[in-house]
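Student: Structure in structure tokens, see below.
Just so it is clear, none of the values below were taken in a lab; they were calculated from the coordinates. None of these values were measured; they are calculated from a predicted model. Cβ atoms come from the backbone with ideal geometry, glycine included; neighbour counts cover every protein chain shown.
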Amino acid sequence: MTEARIGIIGGSGLYKMDALKDVEEVKVDTPFGSPSDAVILGTLDGTRVAFLARHGRNHTFLPSELPFRANIYAMKQLGVEYLISASAVGSLKEEAKPLDMVVPDQFIDRTKNRVSTFFGEGIVAHIAFGDPVCHNLAGVLADAIASLNLPDVTLHRGGTYVCMEGPAFSTKAESNLYRSWGATVIGMTNLPEAKLAREAEIAYATLALVTDYDCWHPDHDSVTVEMVVNNLQRNAVNAQKVIQETVRRLSDNPPASVAHSALKYAILTPLDKVSTATKEKLGLLLKKYI
Ligand SMILES: CSC[C@H]1O[C@H](OP(=O)(O)O)[C@H](O)[C@@H]1O
Ligand SMILES: Nc1ncnc2[nH]cnc12
């Protein structure tokens, strides 16, 4: 049953959305275990949305401990077709300053310890991931940011998000290496989500909220949690305005997304050769194709 077509994953500092009305807390169970927390279903300007605090409402999961598969599968179970991730990031470029917003269009994977696929156990699929973010959803998100004219916030359309393992922040050598690659921002969470969302045929885009200059900048102190949290409190207010405006635009005009048919040519294993147990486990993803 479709509870919400639009999902929001709130990262560090965005543990709830104050503007949600008619709130219902749902404990969702998935074939991949429980999500990070109960999903909050609520209404934003007449549109039902599903909100999940990525690290749990009390921030109890390390990035490496996040139940990424359960989080994305839970969104799929609730009927989500568009997923907006709000995330704290460090900046790797002078021009992306704290409080700025970046809507990345690329990722670099520096994680070491994440399960980033629903497949395996007798079924093989390889999704196309050259464009890891839904171009149309990212466009709606960026247009929403631009329309708000938020004071002290510059919007950066496009950019590369390096996803590191953490939990320790980068060394200066690493930070400078990523800069030499031309990357824009760094965080610890969005790449596994983007991959799993694509496998689940959910359009995904990231609202990256800059909190710090990581550790490379000669004129700024190296990132600390205190620095991140201080800027996040200011970012979180802006993030909610952006999400609200994005939801309004999405409900008026839901865009097409390549993500919505991502599995069409991705599954290599003939489905009649897949075990019933695996077919049942992945039922929601496979049902269109069986
Ligand atoms: C609190 S600083 C490091 C932490 O913040 C980011 O979290 P999220 O992506 O969930 O907003 C980063 O990825 C780290 O998990
Ligand atoms: N500098 C940084 N590195 C990794 N994740 C972050 N999240 C916020 N700032 C970060």
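Student: Convex hull volume of the Cα atoms in the stretch 6-289, per residue, in Å³?
Tutor: 120 Å³
Student: Now for a different question. Once you list every other residue whose beta carbon is under 9 Å from the beta carbon of Val223, what net charge do they have if Lys and Arg are +1 and Asp and Glu are -1?
Tutor: Net local charge, Val223 excluded: -3.
Student: If you take every residue apart from Phe129 with its C-beta less than 12 Å away from the C-beta of Phe129, what net charge results, scoring Lys and Arg +1 and Asp and Glu -1?
Tutor: Its environment carries a net charge of -1.
Student: Also: Figure the gain on full extension for His59 and Asn253 (residue separation times 0.36 nm, minus the Cα-Cα span) and round it to one decimal in nm.
Tutor: So the extension gain works out to 66.5 nm.
Student: Based on the Kirkwood radius over alpha-carbon pairs, what value in µm²/s does the Stokes-Einstein equation return for the translational diffusion coefficient of the stretch 1-120 at 10 °C and 1.306 mPa s?
Tutor: The estimated diffusion coefficient comes to 103 µm²/s.
Student: Let me ask something else. Of the beta bridges DSSP finds with both residues in the chain, what % are antiparallel, to the nearest 5?
Tutor: In the chain, approximately 35 percent of DSSP beta bridges are antiparallel ones.
Student: In terms of Cα to Cα distance under 14 Å, which aspartates and glutamates are near enough to Lys97, apart from those fewer than 8 places away along the same chain?
Tutor: Within the straight-line limit of under 14 Å, Lys97 reaches these aspartates and glutamates: Asp152, Asp212, Asp214, Asp219, Asp221.
Student: Quick one: Karplus J couplings for the stretch 60-77, per residue in order, coefficients 6.51, -1.76, 1.60, θ = phi - 60°, nearest Hz, x for Gly and Pro?
Tutor: 10, 10, 5, x, 6, 9, 5, x, 4, 5, 5, 5, 6, 5, 4, 4, 4, 4
Student: Mind checking the stretch 174-277 for chymotrypsin sites (Phe, Trp or Tyr not before Pro) that DSSP puts in a loop (not H, G, I, E or B) and that have at most 12 other Cβ atoms within 10 Å?
Tutor: Taking the stretch 174-277 and a limit of 12 other Cβ atoms within 10 Å, the loop chymotrypsin sites (Phe, Trp or Tyr not before Pro) found are Trp181, Tyr265.
Student: Work out from phi, with θ = phi - 60° and the Karplus expression 6.51 cos²θ - 1.76 cosθ + 1.60, the ³J(HN,Hα) of each residue of the stretch 274-289, listed in order in whole Hz, and give x for Gly and Pro.
Tutor: Rounded to whole hertz, the list is 8, 5, 4, 4, 5, 4, 5, 4, 9, x, 4, 7, 8, 4, 4, 9.
Student: If you don't mind, another one. For Gln106 and Met1 in the same chain, what is the full-extension length gain: residue separation times 0.36 nm, less their Cα-Cα distance, in nm?
Tutor: Roughly 34.6 nm would be gained on extension.
Student: Leaving out same-chain residues fewer than 8 places away, which lysines sit with a Cα under 17 Å from that of Lys112?
Tutor: Counting by Cα, and skipping residues close in sequence, Lys112 has these lysines nearby: Lys195.
Student: While we're here: Placing unit charges on C-beta atoms (Lys and Arg positive, Asp and Glu negative, everything else neutral), compute the dipole magnitude of the chain about its Cα centre in debye, rounded to 20.
Tutor: 700 debye
Student: Rank the residues Cys215, Cys134, Cys163 as a footprinting-exposure proxy: fewest other Cβ atoms within 10 Å of their Cβ go first.
Tutor: Listing Cys215, Cys134, Cys163 from fewest to most nearby Cβ atoms yields Cys215, Cys163, Cys134.
Student: Right, next: Say we join alpha carbon atoms closer than 10 Å with springs in a Gaussian network model of the chain; which of Ala138, Ala203, Ala256 then has the biggest fluctuation?
Tutor: Ala256
Student: Between the stretch 58-75 and the stretch 265-280, what's the alpha-carbon centroid distance in Å?
Tutor: Centre-to-centre distance over Cα atoms comes out at 26 Å.
Student: Take the alpha carbon gyration tensor of the stretch 171-235, find the square roots of its eigenvalues, order them as a ≥ b ≥ c, and report rounded if a/c is under 1.5; if not, report prolate when a/b exceeds b/c, else oblate.
Tutor: Oblate, since a/c reaches 1.5 and b/c is not below a/b.
Student: Which net charge results for the neighbourhood of Gly42, defined as the other residues with beta-carbon distances under 13 angstrom from its beta-carbon, given Lys and Arg at +1 and Asp and Glu at -1?
Tutor: Here the count lands on -3.
Student: For the pair Ala146 and Thr47, how long in nm is the line joining their label points, each one 7 Å along Cα→Cβ?
Tutor: Rounded to a tenth, the inter-label distance reads 1.8 nm.
Student: Here is a further query. Give me the lysines in straight-line cross-link reach of Lys279: C-alpha distance below 18 Å, same-chain residues under 8 apart excluded.
Tutor: Answer for Lys279, where 18 Å is the Cα cut-off: Lys76, Lys264, Lys287, Lys288, listed by chain and number.
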